[in-house]
1. Return yes when C176 is of a type outside the set (D, E, K, R), away from the ligand (no atom under 16 Å from the Cβ) and either surrounded by 11 or more Cβ atoms within 10 Å (Cβ to Cβ) or more than 27 Å from L18 (Cα to Cα) (or both) and no when it is not.
2. Select from the stretch 53-63 the residues that are surrounded by 15 or more Cβ atoms within 10 Å (Cβ to Cβ) and under 23 Å from D108 (Cα atoms) and list them in ascending order.
3. Do any residues in the stretch 160-183 that are more than 14 Å from L99 (Cβ to Cβ) and free of Cβ contacts under 8 Å to residues at least 60 places away in the same chain have Cβ atoms under 7 Å from those of residues that are assigned to a strand (DSSP E or B) and within 6 Å of the ligand (Cβ to nearest atom), where the two are at least six apart or on different chains, and which pairs are they?
4. Report whether or not T171 is among the hydroxyl-bearing types (S, T, Y), within 9 Å of the ligand (Cβ to nearest atom) and closer than 27 Å to L63 by Cα.
5. When only residues in the stretch 68-96 that are more than 20 Å from N187 (Cα to Cα) and more than 10 Å from the ligand (Cβ to nearest atom) count, which is modelled with the highest pLDDT?
6. Could you pull out every one of the strands (runs of 3 or more DSSP E) wholly within the stretch 91-196 that has 2 or more residues that are farther than 21 Å from V68 by Cβ?
7. Within the stretch 8-28, can you find the residues that are closer than 12 Å to W195 by Cβ and exposed (fewer than 12 other Cβ atoms within 10 Å of the Cβ)?
8. Could you say whether any residue in the stretch 108-121 is among the small types (G, A, S), in contact with a strand residue (DSSP E or B) (Cβ under 8 Å, 6 or more places away or on another chain) and modelled with pLDDT of 95 or more?
Amino acid sequence: MDVQVKKIEGSWDAGYALHKHTLSSVYLGVDEWGHDRFDNTRSEPGEALYKLKYQSDWKQVELLAAQVRETLLPLFGKIGLIVPMPASIVRARQPVYELAHALGRLTDIRVFDEMIVKAPALPGSPALKNLYTREQKDAALSGRISINECITNEGCWNALLLDDLFDTGATMDAVCQALRTYRKIKNIYAAAITWK
Ligand SMILES: O=P(O)(O)OC[C@H]1O[C@H](OP(=O)(O)OP(=O)(O)O)[C@H](O)[C@@H]1O
């Protein structure tokens with residue numbers, strides 16, 4: 001898979017994404033249902049993620065997890081546990097959780113998919129996907145992320161936060177800041193498949 005790694009900025013100790021999601025987007029006009037149409041050219045990780053997230057192509061999970069292991073993991077210190085970012089949209093299978101578990105299997109690192117608790121948005125408030133600025137997203141996430149202190153053995157570990165698409169960084173930053181309060185977490189690293 002062709003990758004073009006970029007550092008992602010935030011309150012973590014180190015963070016990287018594999019590639020830009022969409023390389024070009026040409027407006028084609030309005031279709032017969034009144035929807036805007038675009039001709040999008042995606043990077044290879046972007047296309048794989050698109051197929052996974054919007055076409056339920058679950059074969060992409062293993063490919064993307066293997067790429068994260070090969071390309072991004074060597075950029076971090078030793079990882080003790082993997083923490084997938086919570087989704088906003090309810091789905092029977094969550095792509096980011098599946099990616100985290102595939103990466104966990106490849107690396108023999110434990111995945112904690114119940115460590116981050118994201119409280120539902122207040123009724124009537126806009127969905128995160130309909131917000132665009134960092135300020136709007138920070139406000140929408142404020143007070144909603146909490147930590148389920150579910151590590152049962154003693155010790156202190158480096159955590160890898162894993163997300164699919166990195167946009168403003170609000171989601172991973174809110175999670176990172178909440179995780180900093182957990183005494184069993186040492187360094188925090190951030191990995192995303194693509195950046196917007
Ligand atoms: O960097 P940010 O600006 O925080 O945006 C990135 C987040 O937005 C998307 O999730 P979203 O909450 O929209 O829902 P989904 O994962 O269920 O699609 C995406 O999957 C990331 O988690």
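The values are calculated or read from the model by the stated rules, or taken from the named source; none is laboratory data. Note that the structure is a prediction, hence the values are computed from the model and not measured. Quick reminder, even Gly has a Cβ in these numbers, built from the backbone with ideal geometry, and neighbours come from all protein chains shown.
1. Spelling it out, it is not the case that C176 is of a type outside the set (D, E, K, R), away from the ligand (no atom under 16 Å from the Cβ) and either surrounded by 11 or more Cβ atoms within 10 Å (Cβ to Cβ) or more than 27 Å from L18 (Cα to Cα) (or both).
2. Result: Q60, V61, E62, L63.
3. none
4. yes
5. E70
6. Ranges flagged: 116-118, 145-147.
7. E9
8. Residues of the stretch 108-121 among the small types (G, A, S): 119, 121.
Those left that are additionally in contact with a strand residue (DSSP E or B) (Cβ under 8 Å, 6 or more places away or on another chain): 119.
Among the residues that remain, those that are also modelled with pLDDT of 95 or more are: none.
Looking through the stretch 108-121, none of the residues is among the small types (G, A, S), in contact with a strand residue (DSSP E or B) (Cβ under 8 Å, 6 or more places away or on another chain) and modelled with pLDDT of 95 or more.
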